[in-house]
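The values are calculated or read from the model by the stated rules, or taken from the named source; none is laboratory data. All values reported here derive from a predicted model rather than from experimental measurement. No Cβ is skipped: glycine too gets one built from the backbone with ideal geometry, and neighbour counts run over all protein chains shown. Ligands, DNA and RNA are stripped out before the accessible areas are found, and what is left, the full protein with its side chains, is counted by its heavy atoms. Shrake-Rupley method; radii C 1.70, N 1.55, O 1.52, S 1.80 Å.
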Amino acid sequence: MKIIEPNSSAEFEQYYALRYEVLRKPWLQPKGSEKDDGDKSSIHRMIINEESGEAVAVGRLHFNSDEEAQIRYMAVSDKYQLKGYGNIIVKALEDIALKKKCKNIILQARENALKFYSKNGYEIIEKSYLLFDEIQHWLMEKELTTD
Ligand SMILES: CC(C)(COP(=O)(O)OP(=O)(O)OC[C@H]1O[C@@H](n2cnc3c(N)ncnc32)[C@H](O)[C@@H]1OP(=O)(O)O)[C@@H](O)C(=O)NCCC(=O)NCCS
């Protein structure tokens, strides 16, 4: 396995395909709904299985201000879930935020991912919005420290 910053159009194709597969397709959302206007100015990471060439996990980081970063679109391919790849993506995105001297990271967690983020040190701030009329989200935050 290796973690990369997607660069070529083929890599971005794999990146968005995994986002779609995990975060949109199960709710019958149209192709294209996995992308947004913030993607161009965001930082992306993807874990690739070097043997098969498959995309294993993806995640995105953007900056809300000089001090605050936000993680979005975390997705691990079904068959690779619960093997530590989500952790690797979150840590890589946190490292980038730390290097930019951000003080905190926020995210909107799907209810099913609350335990995953709390294991990564994120705390619930408040119940937020309902996606597709059924997926409850929770605003979570983590203060960044260098230790
Ligand atoms: C949520 C998700 C990103 C987590 O990635 P992952 O690779 O499966 O998780 P990891 O294997 O890195 O798990 C890290 C820790 O969180 C725990 N964890 C992960 N998902 C969990 C879950 N659904 N329930 C309970 N604990 C969970 C793991 O047990 C592990 O704990 P440990 O360190 O004590 O062993 C991934 O499962 C996923 O893509 N889910 C579907 C899409 C989704 O909900 N994305 C998040 C949108 S906000």
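Observations on the structure shown:
- For peptides 52-60, 19-27, 98-106, sequence by mean Cβ density within 10 Å, most packed first: 52-60, 19-27, 98-106
- Applied to segment 30-37, the Karplus parametrisation 6.51 cos²θ - 1.76 cosθ + 1.60 on θ = phi - 60° returns per-residue 3J(HN,Hα) values of x, 4, x, 6, 7, 10, 8, 5 Hz, with x for Gly and Pro.
- At full extension, THR145 and LEU130 could sit 2.3 nm farther apart than now, given 0.36 nm per residue minus the alpha carbon distance.
- Computed in the context of the full set of protein chains, the accessible area of segment 2-105 at 1.4 Å probe radius has 48% of its extent on carbon or sulfur.
- Remark: for residue pairs LYS100/LYS142; LYS31/LYS83; LYS25/LYS91; LYS2/LYS103; LYS25/LYS100; LYS35/LYS101, the C-alpha separation exceeds 24 Å in LYS31/LYS83; LYS25/LYS91; LYS2/LYS103; LYS25/LYS100; LYS35/LYS101.
- Calculated [θ] (222 nm, deg cm²/dmol) that DSSP helices of n ≥ 4 give over the chain, each run adding -39,500 (n - 2.57): -6500 deg cm²/dmol
- Solvent-accessible area per residue in segment 2-105 equals 56 Å², computed with a 1.4 angstrom probe and all protein chains kept.
- Nearest-20 debye value, the chain charge dipole, Cβ charges on Lys, Arg, Asp, Glu: 160
- Diffusion constant of segment 2-105 at 37 °C, which comes from Stokes-Einstein with the Kirkwood Cα-pair radius and 0.692 mPa s, µm²/s: 234
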